[in-house]
Structure formats: structure tokens, C-alpha cells
Amino acid sequence: MVDLDARADRLDAYLADRGLEAVWFAAPNGFAWLVGGDNVVDADAPHGVA
């Protein structure tokens, strides 16, 4: 099982170590890695989810 909290903690530590406040995921698979899912956009859905 994937520990999403550990991934978020790793990202937070990385940002803190470098004095950064935000992260930009240039590739969709980076975002999917963080949230433990995929990055598929349902173009037919009436509402988006973030």
C-alpha cells in the first residue's frame, strides 16, 4: 500500500530545505505520484475536481 502522507511529508521537507513555498508539476505523472491516483480529466463531466 502507498503511504500518501509519507509522500507529502517528503515533498514538504524538500521544499522547506530549499526555502521554497510551492511546487510545480511539469508532468502529469508527478501529480499522480503525489495523490496516489491518476490525472485523467473527464471532459464529459459537468464539474471538475481539484
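Descriptive notes on the structure:
- Evaluated against (1) without any contact (Cβ under 8 Å) to a residue 12 or more places away in the chain; (2) in a helix (DSSP H, G or I), TRP33 falls short on exactly one condition, (1).
- Every pair of residues 6+ apart whose Cβ atoms lie under 8 Å, when the first sits in the range 37-50 and is among the charged types (D, E, K, R) while the second is modelled with pLDDT of 70 or more and open to solvent by 100 Å² or more (accessible area, probe 1.4 Å): none
- Selection count, the range 15-30, where residues are aliphatic (A, V, I, L, M), closer than 22 Å to ASP5 by Cβ and not in a helix (DSSP H, G or I): 3
- Options ASP44, ASP17: the member that is open to solvent by 70 Å² or more (accessible area, probe 1.4 Å) and modelled with pLDDT of 80 or more: ASP17
- Output for the range 13-36, where each listed residue is of a type in the set (Phe, Trp, Tyr) and within 8 Å of the chain's Cα centre (by Cα): PHE25, PHE31, TRP33
The values are calculated or read from the model by the stated rules, or taken from the named source; none is laboratory data. All values reported here derive from a predicted model rather than from experimental measurement. When we count neighbours, we look across all protein chains shown, and the Cβ atoms used for this are built from the backbone with ideal geometry, even at glycine. To get the accessible areas, we keep the full protein, side chains included, count just its heavy atoms, and leave off ligands, DNA and RNA. Shrake-Rupley method; radii C 1.70, N 1.55, O 1.52, S 1.80 Å.
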